[in-house]
């Protein structure tokens with residue numbers, strides 16, 4: 001499934017924003033205890049999910065730059081140019 005890049009990059013921020021909104025609602029609606037609790041838990045989950053996505057993407061891209069995949073999941077494909085053979089000094 002292909003997701004447009006703008007939408008893909010904005011999802012963590014959307015999760016964080018919706019999570020903060022749910023946390024604010026939970027705080028302001030403290031009179032209704034069950035509704036407030038559910039909103040608070042959903043808000044916490046949203047903020048946590050957004051933060052985890054941001055950190056995982058940052059680390060994945062850093063590893064890709066370090067190991068030569070350019071920060072993409074593509075890696076080597078069948079049409080790519082062959083790599084030179086490794087040096088072997090077993091003698």
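Data for the structure
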item: Fully extended contour minus Cα-Cα distance, from residue 24 to residue 56, at 0.36 nm per residue; result: 8.9 nm
item: Label-to-label distance, nm, for residues given as residue 6 and residue 35 (7 Å Cα→Cβ offset); result: 3.5
item: Sorted by Cβ density within 10 Å, fewest first, the residues 30, 36; result: 30, 36
item: Square roots of 5 times each gyration tensor eigenvalue, C-alpha, the range 9-67, largest first, Å; result: 32, 9, 6
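Each value in this text was obtained by applying a stated rule to the coordinates, not by laboratory testing. The structure presented is a predicted model; accordingly, all values stated were derived computationally and were not measured. Neighbour counts run over all protein chains shown; Cβ positions are idealised from the backbone, glycine included.
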